[in-house]
DNA sequence: GAATACCCAG
DNA sequence: CTGGGTATTC
């Protein structure tokens, strides 16, 4: 079973990219972030014609998440319990017996911003909900755009990024709380691989892609039952080089289930 | 000698269209309207590489006119004398001994709008200047987007358009004043032609192009010395069917000079 | 419906 | 730099 995540930065603009990518990479579940579409404008039909059903929750301009699946999505959750604000950042479903939680975590903007407080509070609510979900699901994947680079080596320039937004101690602690609850970062199972691309996001600004000035902030976290059978976890870096790309690329994990 | 006019509705967006069209139709002079570019952003170099020199006068967002020529443009005028407001609507030059005046005439918005008053005042200033220009030039072409459909048959639906903006008596009188000064509408030399496309503009809204709901508001007016040797005057309607087209198409007149 | 400006976000 | 929203024009 293959599970992928992709922050598309507007599904309106990226629909053709997603459909073309799915045709080449028919994963079992694809979590999308930043669809930036209200539900009435979601391109459900075009995606259905490509062989995928979708569950989604979105809003205008910001956020918006979706889960594309080849088999039916069951027990759908559209928000963090107890954190039902107007940000559409969470979509979860059970797919083929695997609990898949797709998240678009807050960016936080800057350490001294109110949005940073919101980010930490949001992660607390996520961790709390994750614990209850873990009680019910042996096989669980938490995936999406976390807006946190876990380690110095997950940035193109640690000197520049350490301690700053996306790389600060409280953010990394928040991520660690999720791992401590019983998840592993699938990416790290393949850390030793030679010549591996290291990032999942490159800023549009300042020629980030041309300079390979990227970060690894999109993750696939999984429970031991899945980590034990994880065969692969990689970023499809080529998508960043297409015309009108998203600033994020797909990250795909494969499990022997 | 071929002289053409084209309201491009943003030269930024339409530059590739213009260059491709010029490659197929290497007219001697092309008057552009609605370039919507300040002079510092005019793509002079790209046009030069296509074999044309340009004179232009533009502004941000609105209006903006240019004259593209294969041979040097002389005696350039950038405005209506005595009507130097901030609208960039007029560019004139002598090309191969022919005086070419390119105009983007005001739209007028509605008969009861202050913009309608402006339109009529602007046409008066144009007529006044035209008279002095005619004293100096035997061969003269006045071309551009006039925002006036001269006759009922120059609209797709006379019942709907007669008397309204672009088709009102005072506007048609203003156009007639220009003709009375000593010009003829080259288009009408070929009125009897079979199966001829009748329009030069189709509204973006309501599927104007698909319904052929067009108007003839872009014109080539010429002095008798040119009318006598006018071989052709037609609209390049196919341009309206391209991707991301302007709402106007080129109108081309050919003279045996 | 298709442009542009200005604003905000990442 | 690349999205989206708003307002304005034609």
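The values are calculated or read from the model by the stated rules, or taken from the named source; none is laboratory data. Values in this document were obtained by computation on a predicted structure and should not be read as measured data. Neighbour counts are summed over all protein chains in view; Cβ atoms, including those assigned to glycine, are modelled from backbone coordinates with ideal geometry.
For the range A:213-221, the criterion of being out of contact with any strand residue (DSSP E or B) (no Cβ under 7 Å at 6 or more places or on another chain) and surrounded by fewer than 16 Cβ atoms within 10 Å (Cβ to Cβ) is satisfied by no residue at all. Residue-level analysis places residue B:4 outside the set of residues that are more than 13 Å from DNA strand C (Cβ to nearest atom), without any contact (Cβ under 8 Å) to a residue 60 or more places away in the chain and either away from chain A (no Cβ under 14 Å) or in a loop (DSSP other than H, G, I, E, B) (or both). For the range A:58-102, the set of residues classified as in a strand (DSSP E or B) and within 16 Å of DNA strand D (Cβ to nearest atom) consists of A:65, A:66, listed by residue number. Among the residues making up the range A:195-212, those that are within 16 Å of DNA strand C (Cβ to nearest atom) and either loosely packed, with under 13 Cβ neighbours inside 10 Å or within 14 Å of chain B (Cβ to nearest Cβ) (or both) are A:204, A:205, A:206, A:207, A:210, A:211.
Note on the range A:16-57: residues that are in a helix (DSSP H, G or I) and within 16 Å of DNA strand C (Cβ to nearest atom) total 2. When you scan the range A:103-124, do you find a residue that is in a strand (DSSP E or B), within 23 Å of residue A:170 (Cα to Cα) and at pLDDT 95 or above, even just one? Within the range A:103-124 (the criterion being in a strand (DSSP E or B), within 23 Å of residue A:170 (Cα to Cα) and at pLDDT 95 or above), the answer is yes, since at least one residue qualifies.
Of the residues that make up the range A:182-194, is at least one surrounded by 13 or more Cβ atoms within 10 Å (Cβ to Cβ) and at pLDDT below 95? For the range A:182-194, residues surrounded by 13 or more Cβ atoms within 10 Å (Cβ to Cβ) and at pLDDT below 95: absent. Only one of the numbered conditions (1) in contact with a helix residue (DSSP H, G or I) (Cβ under 9 Å, 6 or more places away or on another chain); (2) in contact (Cβ under 8 Å) with a residue 60 or more places away in the chain; (3) assigned to a helix (DSSP H, G or I) is violated by residue A:189, and that is (2). Taken over the range B:58-67, the criterion of being touching a residue at least 60 places away in the same chain (Cβ under 8 Å) and within 13 Å of DNA strand C (Cβ to nearest atom) is satisfied by no residue. Consider the range A:232-250 and keep the residues that are under 14 Å from residue A:32 (Cα atoms) and within 16 Å of DNA strand C (Cβ to nearest atom). The one that is nearest to the other protein chains (Cβ to nearest Cβ) is A:246. When restricted to residues that are within 15 Å of DNA strand D (Cβ to nearest atom) and out of contact with any strand residue (DSSP E or B) (no Cβ under 8 Å at 6 or more places or on another chain), the range A:1-19 contains 7.
Output yes when any residue across the range A:112-120 is touching a residue at least 12 places away in the same chain (Cβ under 8 Å), farther than 24 Å from residue A:29 by Cα, exposed (fewer than 14 other Cβ atoms within 10 Å of the Cβ) and within 16 Å of DNA strand C (Cβ to nearest atom), and no when none is. No.
Only one entry of A:94, A:54 meets the criterion of being free of Cβ contacts under 8 Å to residues at least 24 places away in the same chain and either touching a strand residue (DSSP E or B) at 6+ places or on another chain (Cβ under 7 Å) or away from every other protein chain (no Cβ under 14 Å) (or both), and that entry is A:54. Residues considered: B:221, B:178, B:226. Of these, the only one that is assigned to a helix (DSSP H, G or I), at negative phi and in contact with a helix residue (DSSP H, G or I) (Cβ under 7 Å, 6 or more places away or on another chain) is B:178. Look at (1) away from DNA strand D (no atom under 16 Å from the Cβ); (2) surrounded by 17 or more Cβ atoms within 10 Å (Cβ to Cβ) and you find that residue A:25 fails only one, number (2).
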